[in-house]
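Notes follow once the structure below has been shown.
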Amino acid sequence: MSSQDGCMAVIPAASTRLPVTRLLVLASGAFVTILTEALPAGLLADIGTGLQVSEALAGQLVSVYALGSLLTAIPLARATAHWPRRRVLLLALAGFTVVNAITAVATSYALALVVRFLAGVSAGLLWALLAGYASRMAPPALQGRAIALATVGTPLALALGIPAGTVLGQAVGWRWTFGLMSLLSAAVLLWGRLALPPMPGLPGARDFGIGQVFRLPGVRPVLAAMFAFVLAHNLLYTYIVPFLDDGLGVPVDSALLAFGLASLAGIGAAGAGVDRHLRALVLGGTVAFAAAALALAWNGRPVAVTYAACIVWGIAFGGAATLYQTALLRAAGEAGDIAQSMTVTSWNLAIAGGGGLGGMALAAWGAASLPWTLLLLLLASLAIAAGARRHGFPG
């Protein structure tokens, strides 16, 4: 690492333009993170055969990844707050390079679980600093747009990367696919080393305890509104197959493709307006998602309504990460990276909670109950965001 990493006090914005190339490095890191997380889901049968375990056990490779992020994001963010930011980012990318390579050659299920947990640790580290890194590279008036560009790798991975990775895995095998993921991680690591500017650590952030950051004005409502929103999303996304299996002729793959492409439009819309219209976009996105939930609750709905609802849902969810992370950075100030680690923890709790809550609703009342459960969560998110007019989501 360059010695400059630790000696620069600020990274001045040289112009009123976004540093697009540098932000694309961060977007590529997000792409690697999401693809590494979700790739096993499309290859469970092959992975199970290779590791001599059932598909159910192979599926735990996804769960243990989320657990790694959930347990380590906050303590690691605080422990590394004073480290140069580029060094931490490159360390996370190096982690992906190593763990994906080990996954590719692992013959032991136990070893695969361990390295997948470590991959989740790398993900938690990367997500905790990504938004802050992006915002510090941009002019103040464009910081929200910079976060949007830095996180565009997420919907790209969901919409395009995961289907392509699944096809590749079926063609060449899951081990070669993870090997190629390791090479991709290494390429992004090299690109980051060459293209990203040195970024100093935030020594003062270590003076903030987790409880102190949590009590900062605005932090709690942002985290609470985000948790309810993401919980609602994951409740439906996790059980989209049984929900769409209603005889109305909507294939799951085409519905999810519509969702994924719409999410790209959503992140573009959020990036264009977040710096000036954050509150309006948060409230509007939540209302739009609630409207989509109502449309999906319509029994006997036409196929076009299902597709339209998936598109509206995708637009609303696509911009969510940009909006909530920008709001949290503004609320937390110098403790922004520690607050972002709370985002990682809350997001992963929402993923796990969506599976659990949705499963209970599905077992108790059937798939038709999912949109109504979704609607209750979105109304809670809307009420929290609307009430945080002074701190969190100011007008």
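The values are calculated or read from the model by the stated rules, or taken from the named source; none is laboratory data. Just so we're clear, the structure is a prediction, and the values are computed from it rather than from any experiment. Cβ sites come from the backbone with ideal geometry, for glycine too, and all protein chains shown count toward neighbours. The area values use the complete protein model at the heavy-atom level, side chains included, leaving out ligands, DNA and RNA. Shrake-Rupley method; radii C 1.70, N 1.55, O 1.52, S 1.80 Å.
A few notes on this one:
- For residue 259: the one exception among (1) open to solvent by 30 Å² or more (accessible area, probe 1.4 Å); (2) under 13 Å from residue 314 (Cα atoms): (1)
- Residue match in segment 185-195 (condition: part of a helix (DSSP H, G or I), modelled with pLDDT of 95 or more, crowded, with 21+ Cβ neighbours inside 10 Å and not β-branched (Val, Ile, Thr)): yes
- For segment 308-345, a residue qualifies if it is open to solvent by 20 Å² or more (accessible area, probe 1.4 Å) and modelled with pLDDT of 85 or more, and the qualifying residues are 308, 311, 312, 315, 317, 321, 329, 330, 331, 345.
- Residue in segment 109-125 that is nearest to the chain's Cα centre (by Cα), counting only those that are over 21 Å from residue 77 (Cβ atoms), touching a residue at least 40 places away in the same chain (Cβ under 8 Å) and open to solvent by 30 Å² or more (accessible area, probe 1.4 Å): 113
- Hits in segment 142-154 - residues which are in contact with a Ser or Thr (Cβ under 7 Å, 6 or more places away or on another chain) and open to solvent by 10 Å² or more (accessible area, probe 1.4 Å): 143
- Some residue of segment 380-388 being touching a Phe, Trp or Tyr at 6+ places or on another chain (Cβ under 8 Å), surrounded by 24 or more Cβ atoms within 10 Å (Cβ to Cβ) and among the aliphatic types (A, V, I, L, M): yes
- Test: residue in segment 269-289 that is under 16 Å from the mean Cα position of the chain (by Cα) and open to solvent by less than 40 Å² (accessible area, probe 1.4 Å): yes
- Within segment 76-89, the only residue that satisfies the criterion of being charged (D, E, K, R) and either within 22 Å of residue 351 (Cβ to Cβ) or surrounded by fewer than 20 Cβ atoms within 10 Å (Cβ to Cβ) (or both) is 87.
- Segment 42-54, subset touching a Leu at 6+ places or on another chain (Cβ under 9 Å) and closer than 26 Å to residue 153 by Cα, residue surrounded by the most Cβ atoms within 10 Å (Cβ to Cβ): 47
- Residue match in segment 3-25 (condition: open to solvent by 70 Å² or more (accessible area, probe 1.4 Å), at pLDDT below 85, more than 30 Å from residue 83 (Cα to Cα) and of a type outside the set (Val, Ile, Thr)): no
- In segment 296-307, the qualifying residues are those that are part of a helix (DSSP H, G or I) and open to solvent by 30 Å² or more (accessible area, probe 1.4 Å), and the one that is farthest from residue 386 (Cα to Cα) is 303.
- Pair list, Cβ under 7 Å, 6 or more apart: segment 179-204 residue without any contact (Cβ under 8 Å) to a residue 40 or more places away in the chain, other residue assigned to a helix (DSSP H, G or I) and of a type in the set (Ser, Thr, Tyr): none
- Between 73, 38, 30, the distinction of being surrounded by 17 or more Cβ atoms within 10 Å (Cβ to Cβ), modelled with pLDDT of 90 or more and of a type in the set (Gly, Ala, Ser) belongs to 30 only.
- Residue match in segment 212-222 (condition: open to solvent by less than 10 Å² (accessible area, probe 1.4 Å) and of a type in the set (S, T, N, Q)): no
- Qualifying residue in segment 132-139 (condition: open to solvent by less than 10 Å² (accessible area, probe 1.4 Å), aliphatic (A, V, I, L, M), within 29 Å of residue 48 (Cα to Cα) and not in a helix (DSSP H, G or I)): no
- Inter-residue pairs, beta-carbon under 8 Å, first assigned to a helix (DSSP H, G or I) and in segment 328-344, second among the aromatic types (Phe, Trp, Tyr) and surrounded by fewer than 24 Cβ atoms within 10 Å (Cβ to Cβ), 6+ apart: 334/208; 335/208; 338/208; 342/214
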